[in-house]
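Notes for the one structure printed next.
The values are calculated or read from the model by the stated rules, or taken from the named source; none is laboratory data. Here the structure is a predicted model, which means the values were calculated and not measured. Ideal geometry is used to build each Cβ from the backbone, glycine not excepted, and the neighbour counts take in all protein chains shown.
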Amino acid sequence: MTKPCLVLQLRPERPAADDEYRAILRMADLEVGDTVRVQMDREFPDIDLDDYSAVIVGGGPSNISSPDAEKYGYQRIFEPKLKKLMTEIVGRDFPYLGACYGLGILADVLGGEVSSQRYGEAVGAQTIELSEHGPADPLLLGIPPTFRAFVGHKEACQDVPPAAVLLAGSADCPVQMIRVGRNVYATQFHPELDSDGLALRIEVYRHAGYFEPHEAEELIELGHRETVTVPSVILSRFVARYCRG
């Protein structure tokens with residue numbers, strides 16, 4: 001690996017942020033030294049894409065569609081900088097993988113509609129279905145036409161963003177995975193998440209409005225009953241393709 005992979009995170013809750021980062025490393029078979037980690041709630045340094053092999057943006061409690069007055073203070077600071085970076089990523093067709101919020105910020109830059117009007121999904125596993133374009137995509141070759149993935153989001157793309165190709169959807173959320181150009185990808189589901197990670201996030205975000213607090217134990221139990229393996233393959237393939245050449 002000649003250049004590190006840039007991992008941009010927006011979770012201010014340290015246990016969730018640290019677990020997300022460790023999960024990305026584990027699922028993609030990366031070492032800490034293979035990445036540069038930026039926690040955007042703390043800082044957003046100047047970024048030269050030429051210093052990196054790819055960019056990964058995770059999820060978090062921030063919502064693109066929230067009015068500015070309702071956004072977290074740190075979000076109002078990092079989001080304009082991230083939008084500028086996303087515009088460059090799209091313009092250069094630079095390798096990118098966004099998850100959850102990472103899809104929302106990409107869709108917004110593309111001129112798509114991201115809102116909480118429709119297509120929010122409760123915390124847990126959903127069945128993802130490849131679109132007609134999915135099976136031929138390099139990250140999805142040989143992937144089953146349907147698979148389970150963990151989700152949990154209040155906002156979503158209301159349609160396929162302009163210039164994007166739909167790769168996968170679900171019954172409750174039609175836009176689950178897209179590609180822009182040849183190298184820019186994003187998913188609504190969490191490719192880094194397994195049942196243990198889901199359990200931790202349920203505890204961390206118990207009072208964040210994703211579900212009723214008394215439902216936490218049941219959601220954790222349901223998560224542990226699931227077999228979720230395909231999403232991590234997608235993450236691993238992205239890293240193998242762009243970070244290892």
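Can you pull out the residues in the stretch 87-115 that are of a type in the set (G, A, S) and either within 10 Å of the chain's Cα centre (by Cα) or within 15 Å of G59 (Cα to Cα) (or both)? Talk me through it step by step, then tell me what you get.
Restricting attention to the stretch 87-115, the residues satisfying the condition of being of a type in the set (G, A, S) are 91, 98-99, 102, 104, 107, 111-112, 115.
The answer is G98, A99, G102, G104, A107.
Taking only the stretch 113-144 into account, find how many residues are closer than 20 Å to S66 by Cα and of a type outside the set (K, R). Show your work before the answer.
Of all residues in the stretch 113-144, those closer than 20 Å to S66 by Cα come to 113-123.
Remaining after also requiring of a type outside the set (K, R): 113-117, 119-123.
Final tally of qualifying residues: 10.
Regarding the stretch 205-218, can at least one residue be identified that is of a type in the set (D, E, K, R) and in contact with a Pro (Cβ under 6 Å, 6 or more places away or on another chain)? Spell out the reasoning first.
Going through the stretch 205-218, the residues of a type in the set (D, E, K, R) turn out to be 206, 212, 215, 217-218.
Filter once more, so that each one left must be in contact with a Pro (Cβ under 6 Å, 6 or more places away or on another chain): 206.
Checking the stretch 205-218: at least one residue is of a type in the set (D, E, K, R) and in contact with a Pro (Cβ under 6 Å, 6 or more places away or on another chain).
Quick grid of which residues meet (1) aromatic (F, W, Y); (2) more than 19 Å from Q158 (Cα to Cα); (3) at pLDDT below 95:
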site	(1), (2), (3)
A23	no, yes, no
D50	no, yes, no
V57	no, yes, no
I89	no, yes, no
D93	no, yes, no
Y96	yes, yes, no
L110	no, no, no
E113	no, no, no
T127	no, no, no
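Looking at Q9, Q39, Q75 in this structure, which one is over 26 Å from S236 (Cβ atoms), modelled with pLDDT of 95 or more and of a type outside the set (D, E, K, R)?
Working: Q9 fails: over 26 Å from S236 (Cβ atoms); Q39 fails: over 26 Å from S236 (Cβ atoms).
Going through Q9, Q39, Q75 in turn, just one is over 26 Å from S236 (Cβ atoms), modelled with pLDDT of 95 or more and of a type outside the set (D, E, K, R): Q75.
Only one of these conditions is not met by L235: (1) touching a helix residue (DSSP H, G or I) at 6+ places or on another chain (Cβ under 8 Å); (2) at pLDDT below 95; (3) aliphatic (A, V, I, L, M). Which number is it?
Unmet for L235, out of (1) touching a helix residue (DSSP H, G or I) at 6+ places or on another chain (Cβ under 8 Å); (2) at pLDDT below 95; (3) aliphatic (A, V, I, L, M): (2).
Is it fair to say V90 is among the β-branched types (V, I, T) and under 26 Å from V204 (Cβ atoms)?
Numbers: among the β-branched types (V, I, T): yes; under 26 Å from V204 (Cβ atoms): no.
The answer is no for V90.
Suppose we filter the stretch 12-59 for residues that are without any contact (Cβ under 8 Å) to a residue 12 or more places away in the chain and either hydroxyl-bearing (S, T, Y) or under 17 Å from A240 (Cβ atoms) (or both); how many remain?
The total comes to 3.
Can you find, within the stretch 1-47, the residue that is farthest from I105 (Cα to Cα) among those that are of a type in the set (G, A, S) and out of contact with any Phe, Trp or Tyr (no Cβ under 8 Å at 6 or more places or on another chain)? Spell out the reasoning first.
Here is the first cut: in the stretch 1-47, the residues of a type in the set (G, A, S) are 16-17, 23, 28, 33.
Add one more test, that the residue is out of contact with any Phe, Trp or Tyr (no Cβ under 8 Å at 6 or more places or on another chain), and what stays is 17, 23, 33.
Working: A17: 18, A23: 22, G33: 27 Å.
Taking the candidates together, the pick is G33.
Do you know which residues across the stretch 147-166 are of a type in the set (G, A, S) and either touching a Pro at 6+ places or on another chain (Cβ under 7 Å) or within 16 Å of S115 (Cα to Cα) (or both)? Break it down into steps so the answer makes sense when it comes.
Just the residues of the stretch 147-166 that are of a type in the set (G, A, S), to begin with: 149, 152, 156, 163-164.
Result: A149, G152, A156.
Assuming G59 fulfils every condition listed in (1) in contact with a strand residue (DSSP E or B) (Cβ under 7 Å, 6 or more places away or on another chain); (2) over 17 Å from H190 (Cβ atoms) apart from one, which condition is it?
(2)
Out of curiosity, is K83 at pLDDT below 95 and over 23 Å from A23 (Cβ atoms)?
On the way: at pLDDT below 95: no; over 23 Å from A23 (Cβ atoms): yes.
Considered against the rule, which asks whether it is at pLDDT below 95 and over 23 Å from A23 (Cβ atoms), K83 comes out as no.
Please pick out the residue among R42, R22, R11, R37 that is part of a helix (DSSP H, G or I) and of a type outside the set (A, V, I, L, M).
Values: R42 fails: part of a helix (DSSP H, G or I); R11 fails: part of a helix (DSSP H, G or I); R37 fails: part of a helix (DSSP H, G or I).
Only one candidate passes the filter, namely R22.
Tally the residues that are in a helix (DSSP H, G or I) and either within 23 Å of T229 (Cβ to Cβ) or under 16 Å from the mean Cα position of the chain (by Cα) (or both), restricting the search to the stretch 25-34.
5
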